[in-house]
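Beneath this line is the structure, given in structure tokens, with notes to follow.
The values are calculated or read from the model by the stated rules, or taken from the named source; none is laboratory data. These numbers were taken from a predicted model, which means no experiment stands behind them. Quick reminder, even Gly has a Cβ in these numbers, built from the backbone with ideal geometry, and neighbours come from all protein chains shown.
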Amino acid sequence: MFSQKIKNRNWSNIKILGVASILSLLAHSFVLFRLFKDGTLFTGKGDGIAQMIPFQMYLYDKFTHLHFFYDIDFGIGGDFFRSLAYYYSTAPLSYLNFAIVWLSNIILPIDTTDPVFWAKNQFVISIIKLTFIIFTTYKLLRYINLNQLSSWTGAFIYGWSTAYFFFTFTWSFFSDVMLWLPLTILGMERFFHERKIGLFIVAIALTLHSNFYFSYYEFIFVLFYFLYRIIYPKETDVVDRIQKLLLLAIASLLGLGIAAVGIFTGISSYLMNDRTLPSIQVKPFIDMVGFYNLFYDGYYVIICFITVLALMSFKMYQHYMYRLFATITLIFMVCSLSPLFDSFFNGFSIDQRRWIYLLAFTSAVLIAHYLNHLKHIDLKTFLISLIPVCIIYPVSMYGHEKVLMWLLFIPIICIMIGFYLYSKNRTTYQLLHATIIIMNLVFVYDYVTQQMDTLHPAKEHNIDFLNSENFNSKTQQQMINGIKKDQLPGERIEWQTSSTHNTPMYQKFNGIKLYSSIFDQDILKFYDKELNITMPTDSNSIYYGLGERANLYSLFNVDTTIRNAESSTIPYGFSKGKTYAEPNGTKQYIVYNNENQLPFVRVTNNVYNAQTLNTPIDREHAMLNGVVLDRKGKTSIPSAKNLLDQAQVTYKDATFDGNKLIVTQENGGPRIQLPQNIVDQYKDLYVTLSIESKTFKDFHYVWINEIYQSRKPLDDDYRRFNPTITLKVKASALLELKLKPGEYRYKLNGIYGENYKTLKQAAKQKNNHQFTQDKDKMIIKLGEHKGGYAVIPVPYLKGMKAEVDGKKSEVQEGNYLMTAVPIEKGAQQIIIRYTPPYFHLMQFISIISIILAILFAKAVYQRKFLHQKRNNITYKEEDNQFNHHLTTEM
């Protein structure tokens, strides 16, 4: 008998999964049609192509080669597992995706090194993900006693919502959380009704392991839901308030323990990063006509008009679950009127509207309840509920100055509801659900064509674009492969396509660029404070380039730089090499080779104290001559001369009063004149100045001679606040600082000359140290040396361990960022291994928590921790099929 129940339940789940798959394919029919017809991809032109595709390619390549943590090709090097925890590296659905790709690659001729494959794979994983979301949401809705039609409709409205499309299209990992939310609520309800707590533990563990950022979002929602269910218990609950509070707290802790690896990795990556932002004023209210309109043509989310009907049907509030979801939906809708609510969900930081999937969920569940109880609504109640609909949508249509296709369904569906309320005809009820599902398809279609296609033109996110010179052309692949043939391990190429700084990830070379929300804060510190490297733009999510400073290029073993033919700025000491041209003649690439190469591994006993070096150029010289350590070393270095006292400063179309600079005309600003006989002594000049706009709400710039920096608006969420910059320019008697008209806080701090004698001297010192990398292990076979410190130009991280000739040795941070290992004279081999701090401890906690969770779930179900609340439960009419649902579907 028990075996037959299991078979029936499994067969029921298979059928449900089959229907969910059909609905998922139906939902994707539009985007699949565009793929086959025009090659249009299900990913955005910005972060989707620039980050999501490269990250997935990169992680798949590392994981399938059993390489999990550290690599020198992750930007300038780093822990890619921790840094990409915000994206895919800890996400269970990503593991499922990688497993499917890996297994498919065994059978099918798949090129996993082709970005086009990963862009197409986006469709496959989205179809699978949406199937699971619809399946889980359907199971939840049936569990809380809604009929099949209403459950399918509600699950589809939630699954194929504009929130899902927005998340998946823009940042594909975002939509993972849309699966974990209904799974968590289902797990909680199973505990309340059956004392089965295992699913709740699993859901919590999956959520926490998947993404620490969205775990915070879900914590807020689940906590509110839980408190409501405690304060206002449901009659069908079989556990009391104390049991709910105590046992779910224990279950949550066990879920946290199971997810220890993922959640600890995510939190530590967040703490490892520096997201310091300038002071931003959050506006108290949104602009209703625009991106924020919930009802009509909003960018972040649009909810179905039936939500309004449901909220206005006050008679239905007598039903417990109806009242619960109506309350939460109404709270979300009211709070969405203020960006302060967005800031609250984003940890009281910048106002990011990423909680909107929660509103999509509650409104979809509310619609399902409304349809389930539709027969209990009288015609008068329905007509009253139409009043706000008749106001909201005409006003929205007028405000947005556009008519959307799905508006036609409002009168159609309202007429069908009215006819059903009059006739109670079952066929009408079935047609109503079918019409709502069709409307939802058109609903999302309108969203795609009106919002996504406007911001992401199809020509910028299709297959042709990925194969073009903008992203990954055959000419570029030939060029990179040709350069790599002559490279030694560790040598780097400075190069990116026009689309992304993550070009090294998918063209597979060691670069010096990374575009990611989270990476090692020591790199930002190195760029902004210690070496004061000025990037071409002031973004918090990017580091790239080395300020055209030849000393840094050599120190980081950038032995090749590739520039477009029209580029006019080439670092000192780079000679022109081979030229490559696209077949269509649109672009030419020129390869430049560094004539002042340094060995990848250098051994030195010249130790400089970081506290004694005050300028970027002095720090560069110290690194070229030896190694810079924190509060260690006594070796001194001659300070570079500040040429500021030799300069004469005038102002063109600008005035300066000692602190405040006011520019009155385009490209106006200070003009700095230096004596020609002094300038002739140098190849380049380092100009250090402090400058910060006080007026601009749009993009502006700092432009001095041939060096140009674009600066973000003052209120930009991702602006890097770094007013002091060092600009390296070619030695010239006239330095022209050009600015947009406006007011600036300005100070010229120093001008330093560079003749590159130190660099040339360092480049003469060759050695025969050999470097190789084996997954997370770096191996250095040392040639002849005098002892001191072995310096490797890759970022030092806590968790590195070294062995010198088989004996443990310490690893230190040298040169502000690099890895340094102390060695004695005659040492022959260094092995450096890296594992994230506490990683093995987290694994142990996870294993123990799994065992405890199994025992705990079994004990709870067997009532070892519970007293029976009641022997016979009396159900309301709305719950009269409760036991039937449990036996047939769960």
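Of everything in segment 817-833 that is within 34 Å of the chain's Cα centre (by Cα) and surrounded by 21 or more Cβ atoms within 10 Å (Cβ to Cβ), the residue that is farthest from residue 616 (Cα to Cα) is 832.
Among residues of segment 144-164 that are assigned by TED's automatic domain parsing to the domain that holds residue 42, those with a beta-carbon under 8 Å from a residue that is part of a loop (DSSP other than H, G, I, E, B) and among the aliphatic types (A, V, I, L, M) at least six positions away or on a different chain give the pairs 154/146; 161/301; 162/301; 162/302; 163/301. All of 517, 539, 499, 554 fail the test of being crowded, with 23+ Cβ neighbours inside 10 Å, closer than 27 Å to residue 720 by Cα and touching a residue at least 60 places away in the same chain (Cβ under 8 Å), apart from 554. For residue 428, state whether it is in a helix (DSSP H, G or I), of a type in the set (Val, Ile, Thr) and over 37 Å from the mean Cα position of the chain (by Cα). Answer is yes for this residue. Looking across 238, 222, 202, one residue alone is among the hydrophobic types (A, V, I, L, M, F, W, C), in a loop (DSSP other than H, G, I, E, B) and in contact (Cβ under 8 Å) with a residue 12 or more places away in the chain. It is 238. Tell me which residues, restricted to segment 290-327, are free of Cβ contacts under 8 Å to residues at least 40 places away in the same chain, aromatic (Phe, Trp, Tyr) and assigned to a helix (DSSP H, G or I). Correct list: 317 only. The single residue among 592, 580 that is in a strand (DSSP E or B), in contact with a Pro (Cβ under 9 Å, 6 or more places away or on another chain), farther than 30 Å from residue 719 by Cβ and not assigned by TED's automatic domain parsing to the domain that holds residue 686 turns out to be 592. Restricting segment 562-581 to residues that are within 19 Å of residue 497 (Cα to Cα) and touching a residue at least 40 places away in the same chain (Cβ under 8 Å), the residue that is farthest from the chain's Cα centre (by Cα) is 578.
Of everything in segment 40-63, what is modelled with pLDDT of 95 or more and basic (Lys, Arg)? Give them in sequence order. Once the filter is applied, which keeps residues that are modelled with pLDDT of 95 or more and basic (Lys, Arg), segment 40-63 yields only 62.
Under the condition of being out of contact with any Pro (no Cβ under 9 Å at 6 or more places or on another chain) and under 19 Å from residue 628 (Cα atoms), the residues counted in segment 812-842 number 7.
Checking residue 94 against (1) closer than 25 Å to residue 470 by Cβ; (2) crowded, with 16+ Cβ neighbours inside 10 Å; (3) polar (S, T, N, Q), only one condition comes out false. Which one? Result: residue 94 fails condition (1) only. Report whether or not residue 53 is buried (at least 21 other Cβ atoms within 10 Å of the Cβ) and at negative phi. It is true that residue 53 is buried (at least 21 other Cβ atoms within 10 Å of the Cβ) and at negative phi.
Residues of segment 480-494 that are loosely packed, with under 15 Cβ neighbours inside 10 Å and not in a loop (DSSP other than H, G, I, E, B): 481, 482, 485. Scoring residue 66 on the criteria (1) in a helix (DSSP H, G or I); (2) modelled with pLDDT of 95 or more leaves a single failure, condition (1).
Go through the residues of segment 328-335 one by one and say whether even a single one is of a type in the set (Phe, Trp, Tyr), assigned to a helix (DSSP H, G or I), at pLDDT 95 or above and surrounded by fewer than 21 Cβ atoms within 10 Å (Cβ to Cβ). For segment 328-335, residues of a type in the set (Phe, Trp, Tyr), assigned to a helix (DSSP H, G or I), at pLDDT 95 or above and surrounded by fewer than 21 Cβ atoms within 10 Å (Cβ to Cβ): absent.
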